[in-house]
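Student: Got a structure for you, written out below as structure tokens; questions coming shortly.
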Amino acid sequence: MVTGEELLTQLNKSCLPRHVAIIMDGNGRWALARGLKRIFGHQAGMESLREVVKLCVELGIQALTVYAFSTENWKRSRLEINFLMGLLIKYLYQEIDELCTNNVKIKILGDIEKFTPEVQAAIAMAIERSQSNNGLNFNIALNYGGRFEIMEATRVIARKVAAGKLDVEEINEALFAGHLYTAGQPDPDLLIRPAGDYRVSNFLLWQIAYTEFWFTEIKWPDFSRIHFLQALIDFQNRERRFGG
Ligand code: IPE
Ligand code: IPE
Ligand code: MG
């Protein structure tokens, strides 16, 4: 089996993606396949996240966005949702010191008002403590939906127009992008989806216009630095034409 060290030698460090997005999928199926409850898959998935964040820091990648909870994930059982929220709180308090040591800046993409005060407090702590860091931009998509994001941006822009603060003719792609959660960050160059489903599931709909996709059958809890490096190497062998 190929090792991380071997893959690292194949990687061209001077042409890494600036922004990598990941749909962290397959936790439930990973657990069920082992005769465990779905929540154990979420727990195991945390380790994969730690490893990937660490690797992004090591490589000097500019931005990492992970899909942690979608606007559709509220359809899940109370039990599973509560477990995920507990895990998020635990992750943020446990990891914040190391994230700050690694100069990681945390940002949340999504509408966090629907979360409990406890979850919101953990998020506020993580943002506050990491706000002056200027290394990896670590975006966590929480209660995130691409359609909701676009709709909200439209609402804010429409209000500005209605108030006479913005002319309709001034609306262009850059202005629109500046009203999204990802304002100021480059679009993802690479989107990774583990667990064998080939869809976008309402993730970063605007931002992925020219993103390269990388799919694997591996479930998120089994996803390691090897897979991340494989995705990066594949990405480096693609020809991006952007319509040209
Ligand atoms: C991804 O794993 C984690 C979240 C959506 C929160 P899933 O829970 O969707 O796992 P599968 O896709 O059911 O296996
Ligand atoms: C996408 O996975 C959302 C997250 C990983 C947070 P889902 O499991 O919710 O997506 P579908 O339902 O398979 O499309
Ligand atoms: Mg899933």
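Student: Please work out which residue is farthest from ligand 3 (Cβ to nearest atom), limiting yourself to the stretch 10-30 and to residues that are small (Gly, Ala, Ser) and within 20 Å of the chain's Cα centre (by Cα).
Tutor: Ala21
Student: Would you please name the residue that is surrounded by the fewest Cβ atoms within 10 Å (Cβ to Cβ), looking only at residues in the stretch 32-79 that are of a type in the set (Phe, Trp, Tyr) and touching a helix residue (DSSP H, G or I) at 6+ places or on another chain (Cβ under 8 Å)?
Tutor: Filtering first and then ranking leaves Trp74.
Student: Now, a different point. Given the options Gly178, Gly184, Gly244, Gly164, name the one that is without any contact (Cβ under 8 Å) to a residue 24 or more places away in the chain, surrounded by fewer than 17 Cβ atoms within 10 Å (Cβ to Cβ), under 16 Å from the mean Cα position of the chain (by Cα) and more than 16 Å from ligand 2 (Cβ to nearest atom). Explain how you work it out, then say what you get.
Tutor: Working: Gly178 fails: under 16 Å from the mean Cα position of the chain (by Cα); Gly244 fails: under 16 Å from the mean Cα position of the chain (by Cα); Gly164 fails: under 16 Å from the mean Cα position of the chain (by Cα).
Selected residue: Gly184, the only one of Gly178, Gly184, Gly244, Gly164 that is without any contact (Cβ under 8 Å) to a residue 24 or more places away in the chain, surrounded by fewer than 17 Cβ atoms within 10 Å (Cβ to Cβ), under 16 Å from the mean Cα position of the chain (by Cα) and more than 16 Å from ligand 2 (Cβ to nearest atom).
Student: Another one. Can you pull out the residues in the stretch 139-176 that are closer than 30 Å to Ile96 by Cβ, touching a Phe, Trp or Tyr at 6+ places or on another chain (Cβ under 7 Å) and not aromatic (Phe, Trp, Tyr)?
Tutor: Ala141, Leu142, Asn143, Gly146, Glu149, Ala153 - these are the residues of the stretch 139-176 that are closer than 30 Å to Ile96 by Cβ, touching a Phe, Trp or Tyr at 6+ places or on another chain (Cβ under 7 Å) and not aromatic (Phe, Trp, Tyr).
Student: Counting just the residues of the stretch 63-86 that are touching a Ser or Thr at 6+ places or on another chain (Cβ under 8 Å) and among the polar types (S, T, N, Q), which one comes out nearest to ligand 3 (Cβ to nearest atom)? It would help to see each step written out before you state the result.
Tutor: Step one: filter the stretch 63-86 for residues touching a Ser or Thr at 6+ places or on another chain (Cβ under 8 Å), giving 65, 67, 70, 72, 85.
Filter again for among the polar types (S, T, N, Q), leaving 65, 70.
On the way: Thr65: 17, Ser70: 9 Å.
Result: Ser70.
Student: Is there any pair with a first residue in the stretch 106-131 that is in contact (Cβ under 8 Å) with a residue 12 or more places away in the chain and part of a helix (DSSP H, G or I) and a second that is polar (S, T, N, Q) and surrounded by fewer than 19 Cβ atoms within 10 Å (Cβ to Cβ) whose Cβ atoms are under 7 Å apart and which are 6 or more apart or on different chains, and what are they?
Tutor: Short answer, once both residue conditions are applied: Ile112/Gln120.
Student: Let me ask something additional. Just give me the residues in the stretch 192-213 being buried (at least 16 other Cβ atoms within 10 Å of the Cβ), within 16 Å of ligand 3 (Cβ to nearest atom) and more than 19 Å from Asn143 (Cα to Cα), in sequence order.
Tutor: Ile192, Pro194, Ala195
Student: Could you tell me which residue of the stretch 179-197 is farthest from ligand 1 (Cβ to nearest atom), considering only residues that are in a loop (DSSP other than H, G, I, E, B) and touching a strand residue (DSSP E or B) at 6+ places or on another chain (Cβ under 6 Å)?
Tutor: Among them, the one singled out is Pro186.
No lab work stands behind these numbers, since they all come straight from the coordinates. From a predicted model like this one, the values you see are computed outputs, not experimental measurements. When we count neighbours, we look across all protein chains shown, and the Cβ atoms used for this are built from the backbone with ideal geometry, even at glycine.
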